[in-house]
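Chemist: The structure that follows is given in the form of structure tokens.
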């Protein structure tokens, strides 16, 4: 038993030794494992770091290359832009101006859309070349008035009149009232700013009426002027006493009634002349009007509107000066000093040297050559006989139509229409006079400007 116990004890001791040895081996293995893991981690970390360094280096190289490419591309783009600008800066500037202009156009479109639409409708009522050809073929004024009654533009004017009993003065007043009616119709559609411009334009009608009154005074006519047909129109637009002026018997009375107006001073100054003529008074009114307009335009007109107005008024003043120089020298044999004294002191496309050359021309041929050397000379016919009246209307018509076409939503469309309407009435008055005096159709047609220029449509 003791032997068994001893063997068991010996086995137990041996087992404890084996266990201890195994434990020590285990610890040694664990230590080796830890060392290996650490070494592996260190090696992996080193390899990873090396890989990261390689990646960073590669990315940096790629980044530097991309930056270099981008910089080159940017420099190339800038150079291309500079080259394009150097080659096309005028076009670019024009494009920018066009964009700005488009914004102006939109503003004008909004401001003038209603008025322009109204005028397009009114323009369709203007007489055609065929209408004037038919009128020229008629043999009586009553037939002509009867024909005008069939036209919408004049039907209302003559509606309550008997064409067989109308006399010359009544007809002319009715035709003039057709202009005023159209002006008033446009005025009602106009904006506040457009009405200020139309007020500038209205002065020409006021002066036309003053001239009519003065002619009656100068002719010493006992016929009482009846301007009731114009009364409502002038009361809305004018400060002059129409009724009182129409009843004047003397020039002193006529001029005194104009106190407080722009017309009083230039007309009163004529009293210092020994025998002032009707022409002196009419010229004084015209010069007064042009000066007033010239001084007033910048207070009312925008830059674009002033350009359009100057194309109308500037051309008109230049042409009136040319006509005056030609007539004064060709028909009146006036001295150069007198010619200069009655010129409109405003120039548009005429140069001072050109005016001097025309005024001081010794012969009609020299004067004609001087006129042809001006801006307007190219518009005159090449025939030996210079037709200043025809050229005057042709040039003004071209200017009006050009501006209205280029600026359809601007004051140009109003001015162009009113000019055409006024000229249509002038042609109607001339046509009726030709019929009254029994001129043949072919002869009457020669005096109708609308036929000469192909009319409005």
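The values are calculated or read from the model by the stated rules, or taken from the named source; none is laboratory data. Nothing here was measured: the structure is a model prediction, and the numbers come from that model. So basically every Cβ, Gly included, is an ideal-geometry build from the backbone, and we count neighbours across all protein chains shown.
Chemist: Let me confirm something: among 338, 252, which residue is loosely packed, with under 14 Cβ neighbours inside 10 Å, more than 34 Å from the chain's Cα centre (by Cα) and under 29 Å from residue 227 (Cα atoms)? Outline the logic, then answer.
Modeler: Values: 338 fails: under 29 Å from residue 227 (Cα atoms).
Of the residues listed, the single one that is loosely packed, with under 14 Cβ neighbours inside 10 Å, more than 34 Å from the chain's Cα centre (by Cα) and under 29 Å from residue 227 (Cα atoms) is 252.
Chemist: Let me ask another. I need the full set of residues from the stretch 144-155 which are in a helix (DSSP H, G or I) and free of Cβ contacts under 8 Å to residues at least 12 places away in the same chain, in order please.
Modeler: Of all residues in the stretch 144-155, those in a helix (DSSP H, G or I) come to 144-148, 152-155.
Residue satisfying the conditions is 155 alone.
Chemist: Could I ask something else about it? Looking at 315, 300, which one is buried (at least 18 other Cβ atoms within 10 Å of the Cβ), touching a residue at least 60 places away in the same chain (Cβ under 8 Å) and closer than 26 Å to residue 194 by Cα? I'd like the intermediate steps shown before the answer.
Modeler: Numbers: 300 fails: buried (at least 18 other Cβ atoms within 10 Å of the Cβ).
So the residue among 315, 300 that is buried (at least 18 other Cβ atoms within 10 Å of the Cβ), touching a residue at least 60 places away in the same chain (Cβ under 8 Å) and closer than 26 Å to residue 194 by Cα is 315.
Chemist: Separate question: What about residue 136, is it out of contact with any strand residue (DSSP E or B) (no Cβ under 9 Å at 6 or more places or on another chain) and at pLDDT below 80?
Modeler: Numbers: out of contact with any strand residue (DSSP E or B) (no Cβ under 9 Å at 6 or more places or on another chain): yes; at pLDDT below 80: no.
Judged against the criteria, residue 136 is not a match.
Chemist: Kindly evaluate residue 357 against the criterion of being modelled with pLDDT of 90 or more, under 30 Å from residue 118 (Cβ atoms) and surrounded by fewer than 19 Cβ atoms within 10 Å (Cβ to Cβ). Walk me through how you get there before you give the answer.
Modeler: Working: modelled with pLDDT of 90 or more: yes; under 30 Å from residue 118 (Cβ atoms): no; surrounded by fewer than 19 Cβ atoms within 10 Å (Cβ to Cβ): yes.
Spelling it out, it is not the case that residue 357 is modelled with pLDDT of 90 or more, under 30 Å from residue 118 (Cβ atoms) and surrounded by fewer than 19 Cβ atoms within 10 Å (Cβ to Cβ).
Chemist: Related question: Report, by residue number, each residue of the stretch 181-193 that is assigned to a helix (DSSP H, G or I) and buried (at least 19 other Cβ atoms within 10 Å of the Cβ).
Modeler: 182, 183, 186, 187
Chemist: A further question follows. Could you tell me whether residue 328 is part of a helix (DSSP H, G or I) and exposed (fewer than 14 other Cβ atoms within 10 Å of the Cβ)?
Modeler: Working: part of a helix (DSSP H, G or I): yes; exposed (fewer than 14 other Cβ atoms within 10 Å of the Cβ): no.
It is false that residue 328 is part of a helix (DSSP H, G or I) and exposed (fewer than 14 other Cβ atoms within 10 Å of the Cβ).
Conditions tested, residue by residue: (1) within 20 Å of residue 430 (Cα to Cα); (2) without any contact (Cβ under 8 Å) to a residue 40 or more places away in the chain.
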{"residue": "119", "(1), (2)": "no, no"}
{"residue": "127", "(1), (2)": "yes, no"}
{"residue": "138", "(1), (2)": "yes, no"}
{"residue": "157", "(1), (2)": "yes, yes"}
{"residue": "161", "(1), (2)": "no, yes"}
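Chemist: Which helices (runs of 4 or more DSSP H) sit wholly inside the stretch 203-309 and have at least 3 residues that are out of contact with any helix residue (DSSP H, G or I) (no Cβ under 7 Å at 6 or more places or on another chain)?
Modeler: On the way: elements: 228-237, 242-246, 251-256, 264-268, 278-300.
Here the list reads 228-237, 251-256, 278-300.
Chemist: Condition test on residue 378, is it farther than 30 Å from residue 192 by Cβ, in a helix (DSSP H, G or I) and without any contact (Cβ under 8 Å) to a residue 12 or more places away in the chain?
Modeler: It is true that residue 378 is farther than 30 Å from residue 192 by Cβ, in a helix (DSSP H, G or I) and without any contact (Cβ under 8 Å) to a residue 12 or more places away in the chain.
Chemist: Hey, can you tell me all the residues within the stretch 148-188 that are more than 25 Å from residue 215 (Cα to Cα) and more than 36 Å from the chain's Cα centre (by Cα)?
Modeler: Answer for the stretch 148-188, where residues must be more than 25 Å from residue 215 (Cα to Cα) and more than 36 Å from the chain's Cα centre (by Cα): 159, 160, 161, 162, 163, 164.
Here's the yes/no breakdown for (1) in a helix (DSSP H, G or I); (2) modelled with pLDDT of 85 or more; (3) at positive phi; (4) loosely packed, with under 15 Cβ neighbours inside 10 Å:
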position: 366; (1), (2), (3), (4): yes, yes, no, yes
position: 370; (1), (2), (3), (4): yes, yes, no, no
position: 391; (1), (2), (3), (4): yes, no, no, no
position: 401; (1), (2), (3), (4): yes, no, no, no
